[in-house]
Amino acid sequence: MPLPIEYPWHDALWRGLTARRERLPHALLLQGPRGLGKAALAARLARALLCLQPAADGEACGACKSCRLFASGTHPDFVKLLPAEEGKAILVDQIRALGGFFYLRPHTAARKIAMITPAEAMNLNAANSLLKVLEEPPLGSVLLLVSSQPASLPVTVRSRCSRLDFAVPPRELTLRWFAGLADKPAQAELYLELAGGAPLLALALAEAGFLEQRERLLEDLDKLSTGADTPLACAARWKQWEAERCLSWLLGFAADVIKLAMLAAAHRKSGGGAGGLSLANPDARDRLQAMAERLNLSQMFGFFDIVSQARKLLSGPLDELLLLEDVLIRWSRLSRP
Ligand SMILES: [Zn+2]
């Protein structure tokens, strides 16, 4: 496992955590938008809590036996639960194994720590199984749940965790951080807007060359509107471009079109006032405006719901390709003149 990285926008959260190091709740839910490094902070906390000689500021020493085990990914008192396959569910057997892990006494450190990321990937059986650990926490156990969709977690799980809220950092801080990177992202400001201000998401989008990819997504939407291509062919391409990323973008796109259509309707009524509008695709405003003018607003609201639902279902057992096909069939129906 690579060493967790420290990010400047975690400073205040980190200070708060280390100040209560000795009286941390046994279950923490680290929640907030994607791309803020929540899992990195959870790993940093786990490493520090397991360290045998932590520094005065609460940071792990990086040199003790525990830190070395942690860095090599073989710490016997730490477990990280992920879906077996990216985008799929965390299953009940994985959570049941946690019971056995916590049942044994700590090996090297003074406590045992489990991290579940993304926690919303737990299916219902897995979440129910976790309740047992949450209700009767073994002494010295710490459970770190990481989630960018905490509303998808059962209330029974959420209510038993202490929340740690992550917020999008100020733009200036992120841009300064980008500027200090050895491999600075080109068009950093635009990528930051596309990522809703989340630094690590912006970086991932920049590394993937998402602006070019977005161009192809927009072209595909145009082709579906004119009948120049079929939803099935587009869906097959979108699957290769990573379904989650495509659907997240499509959600922002639908929200932009809705905002622009509502603004246009308000103009027709009041006859003035441009108003500042915060868009997910600010640089593509003219193209989106043209779409907003010809699409039916109530159908667009319906489409937004469908995309949102499809994105949630991605983590379930349904086939990604079918979900994409369904979404694109709806788009082609609603956007055909
Ligand atoms: Zn150490």
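The values are calculated or read from the model by the stated rules, or taken from the named source; none is laboratory data. In this text, all values refer to a predicted model and were calculated from it rather than measured experimentally. Here Cβ is always computed from backbone atoms with ideal geometry, including for glycine, and neighbour counts include all displayed protein chains. Accessible surface is based on the protein model in full, side chains and every heavy atom, while ligands, DNA and RNA are left aside. Shrake-Rupley method; radii C 1.70, N 1.55, O 1.52, S 1.80 Å.
Rg/Rh, computed from the Cα trace of segment 8-165 with Rh as the Kirkwood radius, has the value 0.94.
Show the residues, 5+ positions off or on another chain, whose built amide H is closer than 5 Å to the amide H of Met122. The list, which skips near neighbours in sequence, is Ile90. Amide H contacts of Ala198 (H built 1.01 Å from N, in plane; Pro and chain starts excluded): no residue 5 or more places away or on another chain comes under 5 Å.
Rounded to the nearest 0.05, what FRET efficiency do Arg68 and Leu124 have when you use their Cβ-Cβ distance and R0 = 35 Å? With a Förster radius of 35 Å, E is 0.35.
With the highest mean first, a sort of the peptides 48-58, 318-328, 106-116 on other beta-carbon atoms found within 10 angstrom per residue produces 106-116, 318-328, 48-58. Computed across the chain, the Kirkwood hydrodynamic radius from all distinct Cα-Cα pairs reaches 22.1 Å. Most simply put, the chain has about 0% antiparallel DSSP beta bridges, counting only bridges with both residues inside it.
Measuring how big segment 72-117 is from its alpha-carbon positions, Rg and Dmax come out at 11.5, 33 Å. Normalised Debye scattering of segment 1-94 at q = 0.23 Å⁻¹ gives log10 I(q)/I(0) of -1.37, counting only Cα atoms as equal scatterers and leaving out solvent. About its Cα centre, segment 131-246 has a charge dipole of approximately 380 debye under the convention of +1 per Lys or Arg Cβ and -1 per Asp or Glu Cβ, with nothing else charged.
Both radii are taken from the alpha-carbon atoms of segment 84-142; with Rh as the Kirkwood radius, Rg/Rh is 0.99. In order along segment 287-304, phi translates into HN-Hα couplings of 5, 5, 4, 4, 5, 4, 6, 9, 8, 7, 4, 5, 5, 5, 4, x, 5, 4 Hz, rounded to whole numbers, per the Karplus curve 6.51 cos²θ - 1.76 cosθ + 1.60 with θ = phi - 60° and x for Gly and Pro. The relative contact order of segment 2-103, computed from alpha carbon pairs under 8 Å that lie at least 6 residues apart in sequence, is 20 percent. Shown in residue order for segment 305-320 are the 3J(HN,Hα) couplings computed by the Karplus curve 6.51 cos²θ - 1.76 cosθ + 1.60 at θ = phi - 60°: 4, 5, 5, 4, 5, 4, 5, 5, 6, 4, 7, x, x, 5, 6, 4 Hz (x for Gly and Pro). Among the protein heavy atoms of segment 1-88, carbon and sulfur supply 55% of the accessible surface, probe 1.4 Å, non-protein parts ignored. Rounded to the nearest 20, the size of the Cβ-charge dipole of the chain about its Cα centre is 920 debye, with Lys and Arg at +1 and Asp and Glu at -1. Average accessible surface for the chain: 49 Å² per residue, computed with a 1.4 Å probe over protein heavy atoms with every protein chain in place.
Using the rule -39500 (n - 2.57) for each DSSP H run of four or more residues, divided by the residues of the chain, the 222 nm mean residue ellipticity is -16500 deg cm²/dmol. Between amide H atoms placed 1.01 Å from N, distances below 5 Å from Val142 occur with Lys112, Ile113, Ala114, all of them 5 or more places distant or on a separate chain. Counting only the Cα atoms, segment 202-295 fills a convex hull of 95 Å³ per residue. Dipole size of segment 213-335 about its Cα centre, with +1 on Lys/Arg Cβ and -1 on Asp/Glu Cβ: approximately 400 debye, rounded to the nearest 20. Rounded to the nearest whole Hz, the Karplus-based 3J(HN,Hα) values (6.51 cos²θ - 1.76 cosθ + 1.60, θ = phi - 60°) of segment 24-32 follow the sequence 6, x, 6, 9, 10, 10, 8, 10, x, with x at glycine and proline.
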